[in-house]
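Note sheet for the following structure.
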Amino acid sequence: MRWRLLIARAALLATLVPACTRRAPEPPEAARKPLVYTTNYPLRYFAWRIAGDLAEVRFPGPAGADPAFWEPAPDVIQAYQSADLILLNGAGYERWTERASLPLSKLADTSAAFAADYIPLREAVTHSHGPTGQHTHAGFAFTTWLDPDLARRQAEAVRDALVRLLPCHRARLEERFQALAADLAALDAELARALGSRAPLLASHPVYQYLERRYRLNLVSLHWEPDEMPSEAEWRRFEGVLKKHRARTMLWEAEPLRDIAARLAGYGIRPVVFDPCANAPSEGDYLSVMRANAARLRAALGR
C-alpha cells in the first residue's frame, strides 16, 4: 500500500509543476515561434529587440507609404488575423484597424498606459500628397515614439505582451528589454544635447508634437511636403509666420526638393532632415536613424 501512496503523490506533484519546467518533445522550430505583427516600423524594431529569435516579427507595410494612413489589402488583413500577437501604436494611429475584424485577444495597444498624456490636435487639416492621397490630421498626435521616454514605455508594453505569449522566456525577454531601455535613455540624452536651446524652429509637417513637448521646443509647424513645391499663397503665409517666429532651422521628414531648399536659403533658413522613421529605413534601424537625426540637429544648431 505504501508504494501505491507514493505513486499517487508523485502523480499529483507532476500536475502542479509549471508548464515551463516540463520536459516535452520539442516541436519543429517553425512551429514553436509565435508570429507577431506590428502596425508600424518602430514597434517592429522594439519587438525584434526584445524577442530576438524567440518570435517572428513582421510589419508588412509597403515602402514609401505612411503607416498611419495605409490601407492594407484583404490578404494582408488576413495575415494580421492569423498572427499570435498584434502590436498597435494607439493614439488613433492605425485607423484601418477600426474597420478590420481583428481578434481582440491578440491586440496589444502599446501606448494605452499613457493615453492621458496624448497630445490633442488643435485643428483638423485635410490635404493630399504622395501614394496615400488625401488624408486628415485630426484627433491626437500619434508619433509617440519620437519621445524616447514614451518609446521606452511602449517597449515595456511590448515586453509585457511578449511575456504573456512566451512565459517560459520571461528572464530573457526582460534582459533584452533592459538593453533596449538603456539605448533609449542614451538617445534621450543625445536629443536633449542637440535640442538644448530655445532657438525658434520650424517644421514642415505637424508630426513632431511629442518631440516638441519632451524637449520644450519653440516650434511652429506648417503643412508642406518635401516633394511638392508650396504654392505662392503658401509662401506668403510662410513670410507672415517668419515675422513673428524668426526661425533659422526647419525640420523635414525627408530631404526637400532642391528648389524648396534654395528658396528657403533666400530667407536664411536651413532645412534639416529629422526622419520620424515610421516605416523601415533603407539602411540602418530605428536607433541609428534617431541618432543620425540628433547629429544633424547638433550640426545645424551648433550644439
Which FRET efficiency value, to the nearest 0.05, is calculated for N218 and A115 with the Förster distance at 35 angstrom and r the Cβ-Cβ distance? 0.85
Over segment 186-294, with every protein chain in place, what whole percent of the accessible area is carbon and sulfur at 1.4 Å, could you tell me? 48
Modelled FRET efficiency - R0 25 Å, R248 with E98, Cβ distances, 0.05 increments: 0.05
Let me test this: with uniform point scatterers at the alpha carbons of segment 137-199, what is the Debye-based log₁₀ I(q)/I(0) at q = 0.16, 0.17, 0.21, 0.23 1/Å? -0.64, -0.69, -0.86, -0.94
Treating only the Cα positions of segment 173-253 as identical point scatterers, give the base-10 log of I(q)/I(0) from the Debye formula at each q in 0.24 Å⁻¹. -1.15
Using θ = phi - 60° and the Karplus form 6.51 cos²θ - 1.76 cosθ + 1.60, what ³J(HN,Hα) does each residue of segment 74-81 get, whole Hz, x for Gly and Pro? x, 5, 6, 4, 4, 5, 4, 5
Amide H of L201: which non-local residues (sequence gap of 5 or more, or other chain) have their own amide H closer than 5 Å, using H built in the peptide plane? N218, L219, V220
For V273, enumerate residues with amide H under 5 Å from its amide H, sequence gap 5+ or separate chain, H modeled in the peptide plane. W252
Added length on full extension, which subtracts the Cα-Cα distance from 0.36 nm per residue, S82 to C168: 28.7 nm
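The values are calculated or read from the model by the stated rules, or taken from the named source; none is laboratory data. Not measured: the values here are computed from a predicted model. Note that each Cβ is placed from the backbone with ideal geometry, even for glycine, and that neighbours are counted across all protein chains shown. We work out accessible area using only protein heavy atoms, side chains counted, and drop any ligands, DNA or RNA first. Shrake-Rupley method; radii C 1.70, N 1.55, O 1.52, S 1.80 Å.
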